[in-house]
Amino acid sequence: MSRQLPDFPNLEHLKKQAKELLQELQQANPSVQLADAQQVVAREYGFASWPKLKAHIESTTRLLAGRWGANLSKSRPHPLNPFQVASLNISIAGEHATFAFVSVDPRGEEQRGEPAIIIDGHRHETDHGVGYVAKWLKPRVLEVTATKDGRASGRGLYEVSSNGQTLTILYQRSSPNELAQTEHRLVFDRIVS
């Protein structure tokens, strides 16, 4: 039996499938190991082995993960949030992503943050009615929709170029304030260590 792998497969879900299959297989043969069940799952999805299936899944998140430095000549930051230097370090483990950033404004003041999100297409609440929905639109495009009191209040698109060397972040805010509605675009180049 052959199955179609979803566009944005979840490795944790596939591990769960393998564990459930292991229980079934062990009823017929108690000597079956988890690696055997993982092999069966990989083959059902058209992969020669579990490591190849895992590598395929991880490659979609590797495109966004990494260290990025702002390209000021190509960026159009929000007028209320200019910067002279900015860097972003994105790490992704399964559905969990962390966006560690450092920026320096024109006065030389440094700002740091490390927001974390869950990329699963579901609404998550943070503080005071603020939340988000994060989902993959394509293997190279992540969409994060900000919510306030249950309504969309902004949207960020994170798109990696086809060669994997440029990250473009497009932010759009929904607000009665005209200046706050300004779309801004940040372009980052991959930093290779």
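The values are calculated or read from the model by the stated rules, or taken from the named source; none is laboratory data. Remember, predicted model here, so these are calculated numbers, not experimental data. A quick note on method: Cβ atoms are made from the backbone with ideal geometry, for glycine too, and the neighbour counts reach across all protein chains shown.
Per-structure values
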{"quantity": "Selected residue (criterion: modelled with the highest pLDDT) from residues of the stretch 70-80 that are of a type in the set (A, V, I, L, M) and not in a strand (DSSP E or B)", "calculated": "Leu72"}
{"quantity": "The stretch 135-177 - residue that is touching a helix residue (DSSP H, G or I) at 6+ places or on another chain (Cβ under 6 Å) and assigned to a loop (DSSP other than H, G, I, E, B) and, of those, surrounded by the most Cβ atoms within 10 Å (Cβ to Cβ)", "calculated": "Pro139"}
{"quantity": "Residues being among the aromatic types (Phe, Trp, Tyr) and under 30 Å from Leu11 (Cα atoms) - total across the stretch 49-90", "calculated": "2"}
{"quantity": "Val85 under 21 Å from Asp189 (Cα atoms) and either at pLDDT 85 or above or assigned by TED's automatic domain parsing to the domain that holds Thr166 (or both)", "calculated": "yes"}
{"quantity": "Matching residues, the stretch 7-33, being of a type in the set (A, V, I, L, M), over 28 Å from the mean Cα position of the chain (by Cα) and either in a helix (DSSP H, G or I) or assigned by TED's automatic domain parsing to the domain that holds Lys135 (or both)", "calculated": "Leu21, Leu22, Leu25, Ala28"}
{"quantity": "Matching option when the condition is aromatic (Phe, Trp, Tyr) and not in a strand (DSSP E or B), among Phe83, Phe101", "calculated": "Phe83"}
{"quantity": "Residue within the stretch 60-69 that is more than 21 Å from Glu114 (Cβ to Cβ) and assigned to a loop (DSSP other than H, G, I, E, B) present", "calculated": "no"}
